[in-house]
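Heads up: the structure comes next, in structure tokens.
The values are calculated or read from the model by the stated rules, or taken from the named source; none is laboratory data. Just so we're clear, the structure is a prediction, and the values are computed from it rather than from any experiment. All Cβ positions, glycine included, derive from the backbone under ideal geometry; neighbour counts span all protein chains shown. Only protein heavy atoms, including side chains, enter the accessible area calculation; ligands, DNA and RNA are left aside. Shrake-Rupley method; radii C 1.70, N 1.55, O 1.52, S 1.80 Å.
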Amino acid sequence: MTIGITGVTGKLGSYTARVIADADIPSIHLARTPARAEPYERAEIRQASYENTPATVAALTGVDVLLMVSARENPRRAEEHGAFVDAAKAAGVRYIVYTSFYGASEQATFTLSHDHARTERHIREAGLAYTFLRDNFYIDFFVDLPDEEGVIRGPAGDGRVGAVARSDAGRVAAAVLRDPGRHVGR
């Protein structure tokens, strides 16, 4: 089983890549800018972006289980995700571990929740085995959110949130990648 990890130059993807490398598991690390990726002895770094092109399909070839870290928030994120899922399927990827979002729903008005639900649907409709990691906001992201008055504003109702550390989410992603059969369809 060959593991592929996207987002290896970002925070969550790089943490997951480090956990896999520390376990001495060979893997393929996918990055838009390979020169920014941390080199590991048993990791091959390949250039890939979230699109369905021959280059992306080639970069994904040989990957059995793929960690698909969601793209940055942008108006075309759901379309980018769909194109990448299509490329993964064309490359022969059998299983996607996708970093989705807590409460993902296509009926949501919150863009983040809506986009992730669309991507989940696309993965299901592509016929790939999957696990959706429905992370909540990352607690290490919160330090950048307070305004000048120290207030964090957002769609949080009464202000409660179940945040998660990226390092914890990375360890969970690595555990699923190492034993995906235990988590199929969850």
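For first residues located in the range 138-161 and of a type outside the set (S, T, N, Q), partners that are assigned to a strand (DSSP E or B) and lie 6+ apart or on another chain with Cβ distances below 9 Å form the pairs Y138/V164; I139/V164. Mind checking whether some residue in the range 94-102 is at pLDDT below 90 and either buried (at least 21 other Cβ atoms within 10 Å of the Cβ) or farther than 18 Å from G13 by Cβ (or both)? Yes, that holds for at least one residue. Against the condition closer than 26 Å to A175 by Cβ, open to solvent by 20 Å² or more (accessible area, probe 1.4 Å), within 15 Å of the chain's Cα centre (by Cα) and not polar (S, T, N, Q), how does F132 come out, does it pass? Against the criterion (closer than 26 Å to A175 by Cβ, open to solvent by 20 Å² or more (accessible area, probe 1.4 Å), within 15 Å of the chain's Cα centre (by Cα) and not polar (S, T, N, Q)), F132 qualifies. Taken over the range 7-46, the criterion of being within 21 Å of G181 (Cβ to Cβ), polar (S, T, N, Q) and outside any strand (DSSP E or B) is satisfied by T16 alone.
The residues on offer are D179, D147, D115, and the sole one that is open to solvent by less than 70 Å² (accessible area, probe 1.4 Å), of a type outside the set (V, I, T) and closer than 30 Å to D24 by Cα is D179.
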